[in-house]
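Readers should treat all values here as calculations from the given coordinates under stated rules, not as data from a laboratory. Remember, predicted model here, so these are calculated numbers, not experimental data. Glycine gets a Cβ as well: all are built from the backbone with ideal geometry, and neighbour counts include every protein chain shown.
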Amino acid sequence: SPLGFGVRLAPSGEDGLALAAQVRPDLIICDLLMPGLDGFAVVSRLQADATTAAIPILIVTAHELTEPEKARLNGRVLGIVEKGDLAAQGLRDWLDRVIPDILGRESP
């Protein structure tokens with residue numbers, strides 16, 4: 001891609017955890033509803049592992065979060081983007097906000 005981002009996909013939470021530990025990506029985009037482990041468990045396990053704890057996480061979900069669920073994710077993820085017709089635009093808008101900050105931090 002023009003900005004140098006690559007995408008790796010994992011079909012399940014367990015596969016995503018293994019891939020994250022192996023690749024150590026710059027950002028993890030995680031669904032909350034997945035086969036096997038749900039996104040809440042994936043976030044918890046990513047943050048409990050020293051290898052993956054510092055990787056930023058963005059949640060993308062069709063699930064309307066309850067207040068207790070939001071509290072479980074509070075401070076543990078960069079943001080939440082809802083799936084649906086506007087999901088792609090929501091993700092682009094979120095990336096437009098954070099990429100300049102990310103690139104700015106990486107500049108010498």
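D38 to D93: FRET efficiency via 1/(1 + (r/R0)^6), r the Cβ-Cβ distance, R0 22 Å, to the nearest 0.05? Working from the Cβ atoms, E equals 0.30.
Taking each residue as 0.36 nm, the span from V23 to A62 lengthens on full extension beyond its C-alpha to C-alpha distance by 11.4 nm. Couplings for the stretch 31-40, taken from phi via the Karplus curve 6.51 cos²θ - 1.76 cosθ + 1.60 with θ = phi - 60°, read 7, 7, 10, 9, x, x, 5, 7, x, 4 Hz in order; Gly and Pro are left as x. Taking 0.36 nm per residue of separation and subtracting the Cα-Cα distance, full extension of the segment from A53 to K83 would add 8.3 nm.
Computed extension length for N74-D31: 13.9 nm, one decimal, from 0.36 nm per residue of separation with the Cα-Cα distance subtracted. Other residues lying with their Cβ under 13 Å from the Cβ of G13 contribute a combined charge of -3, Lys and Arg counting +1, Asp and Glu -1. Applied to the stretch 41-57, the Karplus parametrisation 6.51 cos²θ - 1.76 cosθ + 1.60 on θ = phi - 60° returns per-residue 3J(HN,Hα) values of 5, 4, 4, 4, 6, 4, 7, 7, 9, 4, 5, 10, 4, 8, 6, x, 10 Hz, with x for Gly and Pro.
With a sphere of radius 11 Å drawn around the Cβ of V60, what net charge do the other residues whose Cβ falls strictly inside it have (Lys, Arg +1; Asp, Glu -1)? Every neighbour counted, the sum reads -1.
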